[in-house]
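Step one of this worksheet: look at the structure below.
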Amino acid sequence: MEGINLAHLGSGLAIGLGALGPGVGVGLLVGKALEGMARQPEMAGKLQVAMFIGIAIAESIALYSFVIAILLFTK
Amino acid sequence: MQQIFNEFNLRPESQGGHGERIFEVINLEPINHFIRSLHLPIDVTINKAVVMMWLSAIVAFALIYYAGHGRGLVARGLKNAMEAIFQFVKLDIVEEQLGHAGQSYLPFVGGLFFFILFNNLLGLIPAGFSAGSNLSVTATLAGMVLIVIIYTGIKNQGPLRYWVNLAPGGLPKPLYVLMYPIEFISLLSKPFSLAVRLFANLLAGHIVIFSMLTLMFLFGLWLAPVSLAVATAIYAFEIFVAFMQAYIFTILTSVYLGQALHPEH
């Protein structure tokens, strides 16, 4: 196939597979945080802050694969 | 209308369009610009991103100055909104993470917050440009954060203790050969993820709005209501993202500052 090289395929796979783990992780994180908030509504504020920090750290793994995907795409 | 349609002829090349070149329209200029800026004669051209940064700095300064000065005990309208946001930064970001001793970091963290917030919001005005969707801008902000973190750590723990405290204490001695490189890389990966997070979120938002609008050129103008409605919904979500990313950037900055201020023992 002309004009399409394997780097493009690789970049798609990189972001797709790389988003899989963090997606599951963020889902678990938010689910557990909501559970905690439902049990103890007075702790909701603290839980929310901790949840956002956790999401940001889990998300950064997906961002590394985003960088790899962009690097492959512009190759 | 037909002319616009022809100009954006995004059908595949086999059908006489140039759909494969859609990414040339989006072009990945922010990344190429960053890579170019790593070469030595540093490019100091005043481009769109620089102008938007000046603008957002001026807007942030003017609004905060307006909110902080003037008469009347009870703030109303715009003043009240600015006061609420400032209160949020002060209480929920700085004092929550750094404690009362961290008050001296409020100007730095608050400045970052308002600068990033207005950068993001100005990018949402049509024909505007979000400086945060340029990797050079976010990398500079994150590099600044890294310098402040290391300076805080060295100032509070001493030049040698800071580097010793990077790895947690109480581990078997041979393990430290492994721990120090890992902790050093994790220190460097903090600003890296800060920069890429802000950049990726803003760029992705713009690309998604753009792709939703190009749907009507791809499938025909009958899809215009749907594509406009979806683009508007995503635009509204982008306003939320603008606040969210400013919040995430500053709260992570203050978490890292807190780690440098109060090390684990």
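Coupling constants for region B:57-69 follow from the phi torsions by the Karplus curve (6.51 cos²θ - 1.76 cosθ + 1.60, θ = phi - 60°), and in residue order they are 5, 5, 4, 4, 4, 4, 5, 5, 4, 4, 6, x, 10 Hz; glycine and proline get x. Projection of the Cα convex hull of region B:166-265, averaged over all directions and equal to a quarter of that hull's surface, yields 8.7 nm². Oblate is the label for region B:47-181, because a/c, from the alpha-carbon gyration tensor with a ≥ b ≥ c as root eigenvalues, is 1.5 or above and a/b does not exceed b/c. Remark: region A:12-25, residue by residue, has Karplus-estimated 3J(HN,Hα) of x, 5, 4, 6, x, 6, x, 7, 5, x, x, x, 4, x Hz, where x stands for each Gly or Pro and the curve is 6.51 cos²θ - 1.76 cosθ + 1.60 at θ = phi - 60°.
Normalised radius of gyration (Cα atoms, divided by 2.2 N^0.38 Å) for region B:223-265: 2.01.
Filter the cross-link list A:Lys32/B:Lys190; A:Lys46/B:Lys173; A:Lys46/B:Lys48; B:Lys79/B:Lys190 down to pairs whose alpha-carbon distance in this structure exceeds 30 Å. In this structure, A:Lys46/B:Lys173; A:Lys46/B:Lys48; B:Lys79/B:Lys190 exceed 30 Å between Cα atoms. Normalised by 2.2 N^0.38 Å, where N counts its residues, the alpha-carbon radius of gyration of chain A equals 1.53. Interface area, chains A and B: about 1500 Å² of buried accessible surface, summed, with a 1.4 Å probe and ligands, DNA and RNA left out.
If you take the Cα centroid of region A:16-75 and the Cα centroid of region B:61-129, the two points sit 26 Å apart. Across region A:29-38, computed HN-Hα scalar couplings (Karplus, 6.51 cos²θ - 1.76 cosθ + 1.60, θ = phi - 60°) run 4, 5, x, 5, 5, 5, 4, x, 5, 5 Hz from first to last residue, x flagging Gly and Pro.
The values are calculated or read from the model by the stated rules, or taken from the named source; none is laboratory data. For clarity, every value in this text was computed on a predicted model and none was experimentally measured. Each accessible area value is taken on the protein alone, full model and side chains, heavy atoms only, with ligands, DNA and RNA left out. Shrake-Rupley method; radii C 1.70, N 1.55, O 1.52, S 1.80 Å.
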